[in-house]
Amino acid sequence: MTRISPGLLFALPALIVLTMLVAYPIMYTALLSVTDQQGNLVGLQNFQRVMQARTTPVAFYNTLVWVGGSVVLQVVLGTATAILLNEKFAGRAIVRSIAVIPWVIPGIVGALTWAWMFHTEFGIINYMLTAPGIVDEPVGWLVSRNTVMPAMIAINVWKLFPFVAIMVLAGLQAIPKDLYEAARVDGAGFWDEVWHVTLPQVRPVIVAVTLLLVIWALNHITTIFAITRGGPANSTLITPIQIFRLAFESVQFHQAAALSVMFFAATMVIVAVYIKVLSAKEEKSL
Amino acid sequence: MNERTRAGVIFTYVCAALVVAVCLFPFLWMALSSIKVLRELYTIPPVWIPTVPTLENYRTVLFDSNIPRYFLNSVIISVGSTTLALSIAIFAAYGFARFRFRGKAYYQSFILIGQLLPTAAIIVPLFVTLRYLGLVNTYLGLILVYMIITLPLSVWMLTSYFRAIPVELEEAAIIDGSSRLGVLFRVTLPLSIPGIIAVLVYSFITTWNEFIFALTFATDSSVKTLPIGLAEFTTEFDTDWGAVMAASMIMTIPIAVLFLSMQRLFIGGMTAGATKG
C-alpha cells in the first residue's frame with residue numbers, strides 16, 4: 001500500500017462528508033429517476049411523464065424569464081451603483097453602508113416586507129402610485145398573472161444588486177489611476193471614461209459575478225415560495241419549485257427525481273463554465 | 001475633476017439619494033409597521049409615522065406564537081452546523097493550503113461544486129435518505145444537511161486565509177520539534193482567529209437564512225426554523241401584517257448585530273495588515 005500524502009489525510013474528513021452529502025444524493029437521484037416505487041427499472045418513463053406534464057414547459061419558460069430578468073437587471077443596476085459609489089461625494093461612506101442593507105437582510109424577511117409593500121389594498125406601493133395619479137386604481141401586484149413575475153424579479157433584483165455593486169466596486173478600486181489620467185489627457189468626458197476605461201477593466205469581475213448570479217437565481221426559491229408558492233395559476237412556478245411540489249405535494253418522488261436530473265444537468269453546464277472562467281482568471285493573475 | 005459640470009454633481013447626488021431610498025425604505029417600513037396599531041396598519045392614506053407606537057405586535061409574536069421556539073431551533077441548528085463544519089474545514093483547509101498532493105485541484109473543484117450545487121435537485125434523494133435514517137424532523141438531520149452549504153464555504157475561505165500566513169513561522173516551529181498537528185493548533189490557528197471568526201459569522205448567517213432544506217426536512221414545529229415559521233405567518237388567508245413585521249425584525253436583529261461586528265473586524269484586520277506593511 002502506498003503511503004497517503006499528509007495533505008490528503010487532512011482533507012479526507014471533509015471529502016468523505018461531502019461525498020456522502022453531495023455525490024451520493026446525486027447518484028441516488030439518477031437511480032430514482034429510472035425506477036418506479038417498487039424499485040423496478042422503468043427506463044425513461046419518468047422522464048416522459050414529466051415532459052408530458054403541462055406544467056413543465058410553463059415552469060421552464062418562467063425559469064428563463066426569472067433568471068434572465070433578475071440577472072440582467074442585477075448586473076446593470078449593480079454596476080451602475082458601483083460606478084456611483086466610486087465617485088467622490090459628501091456622505092459616500094454612509095451611502096455605501098446603506099447600500100448593502102438589502103443583501104444583509106434575511107431573504108425571507110425581504111420577501112415578506114415586499115409582499116406587505118405590494119399589498120393590493122393597503123400596500124405603500126399602490127398608495128404611492130395612485131395618490132399622484134400615476135395609475136388610476138390599485139394594481140393587484142401579487143394576485144394578477146401579468147404583474148406577479150415582474151414583482152418577484154424586482155424583489156430579487158433589490159436583494160442582490162448590492163452584491164454586484166460590492167464586487168464591481170472592489171474591481172473599480174483596483175483600476176490604476178493613470179489610465180483615467182491618460183484618458184483625460186486625450187479629452188475624454190465622464191461617459192467616455194465609463195465606456196472605454198472603467199467597463200473594460202472590470203469586465204472579468206462582471207463575467208464572474210454574472211455566472212454566479214445565474215446559478216443563484218436558478219437555485220433561488222425563498223422569495224417566490226414564501227409569497228406565492230408558484231401561483232397564481234402557475235405564473236411564478238419555476239423549476240426548483242416544481243421539483244419541490246412534485247415531490248412533496250404530489251408525492252411523485254421518481255418523477256421529481258427525473259426532473260431533478262434534467263435541472264441538475266442544465267445547471268452543471270453553467271457551473272462548469274463558471275469554474276473555467278474563474279480558473280482562467282487565477283492563472284492570469286499568477 | 002474640475003471639468004465636471006454642475007449638472008453632473010447634481011446627477012450624482014440624485015442617484016445617491018435614490019440608492020439610499022431604495023435600499024433603506026423597505027427596512028424602515030418594516031420597522032415602522034412593526035410598531036403600528038391595527039387601525040394605522042390598515043388605512044388609506046397610510047399613516048407614515050405611528051401616532052401611538054405600540055409593542056403589541058412584539059407581544060403577540062413572543063407570547064402567542066411559535067416564533068420563540070423557532071428562534072431557539074434556528075440557533076441550535078445554525079450553531080451546530082457552523083461548529084461542526086468549521087472543525088472539519090480547519091483540517092481540510094490546512095491540507096489544501098500547505099501540502100501538494102496528487103489530484104488536489106480536482107478535490108478542490110469538487111468542494112467548490114458542492115457550494116454551487118442546485119439544492120433543489122438533491123432535496124428528493126436527501127429526503128429519502130434522511131427518512132430511512134430516521135433523521136427527518138430532527139436537529140441532527142438539518143445540522144448534517146446544512147454542512148452541504150457551510151462546509152465548502154468554510155474550506156474555501158480558510159484555505160485562502162491559511163495561505164496568507166507566512167510559511168516560515170510554521171517551519172520555525174517544525175525545526176523546534178513540533179508535529180504538523182502541533183503547528184496547526186499552536187501556530188496557524190492562533191494567527192487565523194480573524195479568519196475563523198469571519199467563517200463562523202458567514203456560515204451562521206447562511207444557515208440562519210436557509211429556506212428550502214428547512215422547508216423539506218423540518219416539517220414539525222419542534223424543529224422548524226425561523227424562515228419557515230415566518231413564511232407560515234402569511235400562508236393563512238388572514239395575515240396579521242403587524243405581527244409578521246415584528247417577527248421579521250426579531251429575525252433580522254441577530255444578523256444585523258453579527259454583520260456590524262464583522263464589518264468592524266474586517267476593517268480592523270485590513271488596517272492591521274496595512275501597518276505591518
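The values are calculated or read from the model by the stated rules, or taken from the named source; none is laboratory data. The shown structure was predicted, so the numbers you read here are calculated from the model rather than taken from an experiment. A quick note on method: Cβ atoms are made from the backbone with ideal geometry, for glycine too, and the neighbour counts reach across all protein chains shown. Note: accessible area is taken over every heavy atom of the protein model, side chains too, but ligands, DNA and RNA are not part of it. Shrake-Rupley method; radii C 1.70, N 1.55, O 1.52, S 1.80 Å.
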| task | Assuming 1.306 mPa s and 10 °C, estimate D for the protein assembly as shown with Stokes-Einstein, Rh taken as the Kirkwood radius over Cα pairs, in µm²/s. | result | 62
| message | Please compute the per residue accessible area over region B:65-235 with all protein chains in place, 1.4 Å probe, rounded to a whole number of Å². | response | 39
| said: Can you work out the Karplus-derived ³J(HN,Hα) for every residue in region A:211-216? Use 6.51 cos²θ - 1.76 cosθ + 1.60 with θ = phi - 60°, whole Hz, and x for glycine or proline. | reply: 4, 4, 5, 4, 4, 5
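Using the Kirkwood radius over Cα pairs, work out the Stokes-Einstein diffusion coefficient for chain A at 4 °C and 1.567 mPa s, in µm²/s as a whole number.
Details: Rh = 22.3 Å.
Result for D is 58 µm²/s.
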| note | Residue ranges of DSSP H helices in chain B that stretch 27 Å or more (Cα, own long axis) and have mean Kyte-Doolittle hydropathy of at least -0.5 are B:6-34, B:67-98, B:139-163, B:241-276
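If you take the square roots of the eigenvalues of the alpha-carbon gyration tensor of chain B and sort them as a ≥ b ≥ c, do you get rounded (a/c under 1.5), prolate (a/b over b/c) or oblate?
Details: a/c = 2.37, a/b = 1.36, b/c = 1.74.
Cα axes put chain B in the oblate bin.
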| field | Cα-Cα over 27 Å, subset of B:LYS104/B:LYS224; A:LYS177/A:LYS276; A:LYS276/B:LYS104 | value | B:LYS104/B:LYS224; A:LYS177/A:LYS276
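Checking the a/c ratio against 1.5 first, then a/b against b/c, what shape does the Cα gyration tensor give for region A:169-286? Before the final figure, lay out each step's value.
On the way: a/c = 4.83, a/b = 2.40, b/c = 2.01.
Here region A:169-286 falls in the prolate category.
Which three numbers, in whole Å and largest first, are the semi-axes of the equivalent ellipsoid of region B:6-54 derived from its Cα gyration tensor as √(5λ)? Intermediate values should be presented prior to the final figure.
On the way: eigenvalues 203, 22, 12 Å².
In descending order, the three semi-axes are 32, 10, 8 Å.
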| query | What list of ³J(HN,Hα) couplings, whole Hz, do you get for region A:86-96 from phi and the Karplus terms 6.51, -1.76, 1.60, once you set θ to phi - 60° and write x for glycine and proline? | reply | 8, 6, 8, 8, 5, x, 4, 4, 5, 4, 4
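What total accessible surface area, summed over both chains, is buried at the interface between chains B and A, computed with a 1.4 Å probe and given in Å² to the nearest 100?
Counting both chains, the buried surface is close to 7200 Å².
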| said: Output wanted: per-residue J couplings in Hz (rounded whole) for region A:166-174, from phi through Karplus 6.51 cos²θ - 1.76 cosθ + 1.60, θ = phi - 60°, x for Gly and Pro. | reply: 4, 5, 5, 4, 4, x, 4, 5, 8
| field | Under 5 Å, built H, 5+ apart or other chain: amide partners of A:THR35 | value | A:VAL42
| task | Note the full-extension length gain between A:ARG3 and A:VAL277 as 0.36 nm times their separation in residues minus their Cα-Cα distance, in nm to one decimal. | result | 95.2 nm
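Write down the accessible area per residue of region A:54-285 in Å², having rolled a 1.4 Å probe over the full set of protein chains.
Values: 10200 Å² over 232 residues.
Accessible surface, normalised per residue, equals 44 Å².
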| task | Filter the chymotrypsin sites (Phe, Trp or Tyr not before Pro) in region B:160-238 down to the DSSP loop ones having no more than 16 other Cβ atoms within 10 Å, then list what survives. | result | B:PHE237
| query | How about region B:49-143: which chymotrypsin sites (Phe, Trp or Tyr not before Pro) there are in a DSSP loop, with at most 16 other Cβ atoms within 10 Å of their Cβ? | reply | B:PHE99, B:PHE101
